[in-house]
């Protein structure tokens, strides 16, 4: 497994793999890899492609009061895991590589003056709570697409809105990249795997199962014939309230393509939620 | 020479050329080809590359009161010229191909919900006069880069700010594309070749030489030791006023990298101007 730190070197390495007739699958991550990422890597390999994993905590997708600086980083463990999973290349650039300081630099010194922004799917949910988040995501993913030129890029369904935004962006901008999604991997008690789970105290970890319980409640009620979104959302909120450390950000049942709120819940709609458990903000979702 | 109208087909054709070991040079145009475009095609061929010329009047870079609908279109003549110049592929997509109507569509039916925008170099000059213009340019060029995946893209210096914006965009977004510029081609009387010259009445055409005269005036004064930007700009304005059909939009002496106004003109700065001749708006520039 190769570890590459420089943009130019990664570009050359990926171009060489493609010239040698290999397809390339990209798994973009922020590191602190877990079983969810492993599922992405395995799906990438299933495509018979050379697997490139990017590990980069992208500063431009964090808000000023968010967890950029405390976000878990452990490149050594991440590389060990990638090695076990037969990853071909790990791309772990520095901020200076990804956002060279220069004419377009802001006070922090790292900046770009060019942004990629999706304007339809990013207005609500995470986009509404985290201004600038998806602009940062789209910009860094566009850069990774231009560096790796993958045939396939693999994203997890856990970040459902991100998945939809990236699919839209890839289509709108004519990227010749197939954006593939992988089902959320969960712990045995239902908690969705997330690097941010590392923030949870033992007590918070125990209560964090309430996200999955709320989604399961909605699923059960829906399967039992309840299609009224207000009642489904209320049932989710009541379930969340069973955890004393939980503080609701949003629950919503939305159309999977437009991410607009569903008036009446239908099979194939998605239930999404964002909840603080203590100081940790977690998100999850489930297709009804 | 191949003429391709569909995005997917162009993507495949370009990928095949690259798989066969050829470099690909892209010349993005809006058609109505003239000697300036010929110079771009020849430069593209000089790179030893397969030459792809895109011909597309991109609606998203025109303002609501601009000349989108009257912009000259003559695909047959354009293709004949490309054939003479040994172009390998002409890509002439429809609006529906480039901006498929769909979820992100606006009232006009053609839209994208993803945009590429450069924010530093586009504030002034053309960007200031034509809101949204460079957002449209960056977005369509990003799409063309993703469709063609060129090794080289060739742009004319006549659209100086556009050249700088595209170079910045390509760098910021890590496109593995060398953005090459070609000197402005001029008629024998100095008028810069432009598709919009076709709008000029014989009288307006005669008076349009005043743009070049104004730039030459600035160059002569500068070479004679005049470095005061105010005096250089005033001299250009006085020259422009010699043409009764001319109406000034802007003249400016700017730094070539930042496009910020020069305080004191220096060798290598650029004099830029935009002038209406009758109903036709023309731009031109000259490096001092």
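Throughout, read-outs are computed from the coordinates displayed, never taken from laboratory work. Everything numeric here is computed off the predicted structure, so don't read it as measured data. Every residue, glycine as well, gets a Cβ built from its backbone with ideal geometry; the counts of neighbours run over all protein chains shown.
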Kindly state, to the nearest 0.05, the FRET efficiency for residue B:287 paired with residue A:20, given R0 = 35 Å and r defined as their beta-carbon distance.
0.20
Using just the C-alpha positions of region A:133-245 as equal point scatterers, what log10 of I(q)/I(0) does the Debye formula give at each q in 0.12, 0.13, 0.16, 0.22 1/Å?
-0.61, -0.69, -0.90, -1.13
With the cut-off at 1.5 for a/c, could you classify region B:16-57 from its C-alpha gyration tensor as rounded, prolate or oblate?
oblate
Provide an ascending nm list, one decimal, of label-point separations from residue B:279 to the equivalent residue in each further copy; define each label point as 7 Å from Cα along Cα→Cβ.
6.7
Have a look at chain B and give its Rg and Dmax from the Cα atoms, expressed in angstrom.
19.2, 59
Helix A:35-46 sits off the longest principal axis of the Cα atoms of chain A, rounded to the nearest 10 on a 0 to 90 degree scale, by 60
Can you tell me how much longer the chain between residue A:223 and residue A:198 gets when fully stretched, taken as 0.36 nm per residue apart minus their C-alpha distance, in nm with one decimal?
5.7 nm
Tilt, helix A:75-84 to longest principal axis of chain A (alpha-carbon atoms), in degrees rounded to tens, equals 90
Sorting from shortest, the nanometre distances separating the label point of residue A:266 (7 Å past Cα along the line to Cβ) from those of the same residue in the other copies are 6.3
Scale the Cα Rg of the protein assembly as shown by the rule-of-thumb value 2.2 N^0.38 Å and send over the ratio, two decimals.
1.09
For residue A:75 and residue A:123 in one chain, what is 0.36 nm times their gap in residues minus the Cα-Cα distance, to one decimal in nm?
13.9 nm
What's the long-distance tail for region B:54-166, i.e. % of Cα pairs beyond 22 Å?
38
Which order do A:57, A:140 fall in if you start with the one that has the fewest other Cβ atoms within 10 Å?
A:57, A:140
Closest beta-carbon to the B-to-A rotation axis: which chain B residue owns it, and what is the separation in whole Å?
B:116, 3
Using a label point 7 Å beyond Cα on the Cα-Cβ vector, give me the inter-copy distances for residue A:183 in nanometres, one decimal, shortest first.
6.5
Classified through the alpha carbon gyration tensor (a ≥ b ≥ c as square roots of its eigenvalues; rounded if a/c is under 1.5, else prolate when a/b is larger than b/c, else oblate), region A:1-110 comes out oblate
So, R0 is 30 Å and r is the distance between the beta-carbons of residue B:94 and residue A:12; what FRET efficiency does that work out to, to 0.05?
0.25
Rg (one decimal) and Dmax (whole number) from the Cα set of region B:200-281, in Å, equal 12.9, 38
Estimated FRET transfer efficiency when R0 is 22 angstrom, pair residue B:267-residue B:230 (beta carbons, to 0.05)
0.75
Explain nothing, just the number: relative contact order of chain B, from Cα pairs under 8 Å at least 6 residues apart, as a whole percent.
17
Cut-off is 10 Å between beta-carbons; in what order do A:164, A:123, A:18 appear when sorted fewest neighbours first?
A:123, A:18, A:164
Return the distance in nm (one decimal) between the two label points of a simple spin-label model at residue A:67 and residue A:1, each offset 7 Å from Cα along Cα→Cβ.
2.3
Provide B:41, B:169, A:245 in ascending order of the number of other Cβ atoms located within 10 Å of each residue's Cβ, fewest first.
A:245, B:41, B:169
Could you state the angle between the C-alpha long axis of helix A:7-19 and the longest principal axis of the C-alpha atoms of chain A, as a value from 0 to 90 degrees rounded to the nearest 10?
90
